[in-house]
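Data first, discussion second: the structure below is written as structure tokens.
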Amino acid sequence: MASAPFLTKRYLPTGTNAIKVIDNYSLGSKTKITIIEVDQQALVLGVTEDNISLLHKMPAKTELSEQAEAKSAPPSFGQLIKTCLVKSRNSDA
């Protein structure tokens, strides 16, 4: 019976993979920024030991942008955050 959990994890489907972690950036020992994709939306989250906060919400990448990005070098996490902040400031204005 000790192998039951192993067999369950190995052979049963794990779900629909509705949440996809795109990237993580550590800000300190217990804080980080995480970008996840859920329901065709990209969410930028601030994660601490006790809390998760939504920092920004944007549309997930389109198929065309994914194809274009596959041909070029992927942007760094810093570039993604900068793009999010610029878009956020422009939409608030």
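The values are calculated or read from the model by the stated rules, or taken from the named source; none is laboratory data. These numbers come from a predicted model, not from an experiment. Cβ: placed from backbone, ideal geometry, glycine included. Neighbour counts: every protein chain shown.
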Filtered residue count, segment 40-63, keeping only those that are over 12 Å from the mean Cα position of the chain (by Cα), loosely packed, with under 10 Cβ neighbours inside 10 Å and assigned to a loop (DSSP other than H, G, I, E, B) = 3
inquiry  = Give all pairs with beta carbons closer than 6 Å in which a residue from segment 16-37 that is within 19 Å of Lys57 (Cα to Cα) meets a residue that is in a loop (DSSP other than H, G, I, E, B) and of a type in the set (A, V, I, L, M); count only pairs at least 6 apart in sequence or on separate chains.
reply    = Glu37/Ala60
request  = Go through the residues of segment 27-37 one by one and say whether even a single one is assigned to a helix (DSSP H, G or I) and either under 16 Å from Ile81 (Cβ atoms) or modelled with pLDDT under 85 (or both).
outcome  = no
